[in-house]
Amino acid sequence: MNTACPVCGLVFDRESGYFAGAMVLSYALAVPILAAMVVALIIGNTAYLVLVPFIFRYSRVLWLHLDWLIDPGEPS
């Protein structure tokens, strides 16, 4: 970080500990975001576990269709 603004000359250097408030504010902003991400992950994992039987069944169906599109086999 520059010690002073190259345009107006404002000195950015402050006394020791001046930016401790910025660290606290950063922490206060980060914790709710991280908590929301954890909650969303837990909800997503739970929903996935509930839907596994359906996902597995339809993934097999889609795979069979894809295989048939790529290699339709011998004409009947």
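The values are calculated or read from the model by the stated rules, or taken from the named source; none is laboratory data. Every value quoted in this text rests on a predicted model; they were computed, and no experiment measured them. We place every Cβ from the backbone using ideal geometry, glycine too, and count neighbours over all the protein chains shown. Keep in mind that these areas ignore ligands, DNA and RNA; they rest on the heavy atoms of the full protein, side chains included. Shrake-Rupley method; radii C 1.70, N 1.55, O 1.52, S 1.80 Å.
In the range 17-24, the count of residues that are more than 30 Å from Met1 (Cβ to Cβ), in a helix (DSSP H, G or I) and open to solvent by 100 Å² or more (accessible area, probe 1.4 Å) is zero. Inspection of the range 4-13 identifies at least one residue that is out of contact with any Cys (no Cβ under 8 Å at 6 or more places or on another chain), surrounded by 10 or more Cβ atoms within 10 Å (Cβ to Cβ) and at pLDDT 90 or above.
For (1) part of a loop (DSSP other than H, G, I, E, B); (2) modelled with pLDDT of 95 or more; (3) of a type in the set (Lys, Arg); (4) surrounded by 10 or more Cβ atoms within 10 Å (Cβ to Cβ), each residue gets a yes or a no:
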{"position": "Asn2", "(1), (2), (3), (4)": "yes, no, no, no"}
{"position": "Val31", "(1), (2), (3), (4)": "no, yes, no, yes"}
{"position": "Ala40", "(1), (2), (3), (4)": "no, yes, no, yes"}
{"position": "Gly44", "(1), (2), (3), (4)": "no, yes, no, yes"}
{"position": "Leu51", "(1), (2), (3), (4)": "no, yes, no, yes"}
{"position": "Trp68", "(1), (2), (3), (4)": "no, no, no, yes"}
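For the range 53-66, a residue qualifies if it is open to solvent by less than 100 Å² (accessible area, probe 1.4 Å) and of a type in the set (A, V, I, L, M, F, W, C), and the qualifying residues are Ile55, Val61, Leu66.
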